[in-house]
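The values are calculated or read from the model by the stated rules, or taken from the named source; none is laboratory data. Note that the structure is predicted; figures quoted are calculated from it, not measured. FYI the Cβ positions are ideal-geometry reconstructions off the backbone, even for glycines, and counts take in every protein chain you see.
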């Protein structure tokens, strides 16, 4: 927004709102393109609350700063509630993936699944599986249908190599932040 758009508005509100908006850029998923919207949201919040300002309780700058901080927290909570972790979203949902027994589909199609499943968990798992080396992907395929002891019999490597690869898989899922999700969520049954 230009200065003309803030004509007649308390300069303190505009100054504090603009400063706070610049500090949020680059954090919590806010980018430079969000700056004008952030400024506007913060100025509006400051103006709405000015009717409650009591000069006997605090200075105007302190009051405005608290209002703006509160609004920023609300915006961050709303931003994080609306979407997946912005730091992990690097791929488009229109990219294609190859699923065993299904074939090539767009990632968006993986979001349509049974009600007791977490579609975002499924998508996260698919993204990890796409990046696995062939030996770990083969181990995942075996583990999809067998428990660890049965997989140990079916997997054509020594016991120590099997457990090293199993630990590598665990580390990959742990690094992706899926360790807790996998224990709490339900994946769809194997096709």
Q) Got a number for residues in the stretch 17-42 being under 18 Å from residue 78 (Cα atoms), in contact (Cβ under 8 Å) with a residue 12 or more places away in the chain and in a helix (DSSP H, G or I)? A) 10
**Q.** Pick from the stretch 150-172, criterion modelled with pLDDT under 85 and assigned to a helix (DSSP H, G or I), ranking: nearest to the chain's Cα centre (by Cα)
**A.** 151
Q. Is it fair to say residue 55 is out of contact with any helix residue (DSSP H, G or I) (no Cβ under 7 Å at 6 or more places or on another chain) and assigned to a helix (DSSP H, G or I)?
A. no
Q. If you scan the stretch 73-107, which residues turn out to be part of a helix (DSSP H, G or I) and either at positive phi or modelled with pLDDT under 70 (or both)?
A. 81, 82
Q. Of the residues in the stretch 1-16, how many are assigned to a loop (DSSP other than H, G, I, E, B) and either at pLDDT below 65 or not assigned by TED's automatic domain parsing to the domain that holds residue 35 (or both)?
A. 4
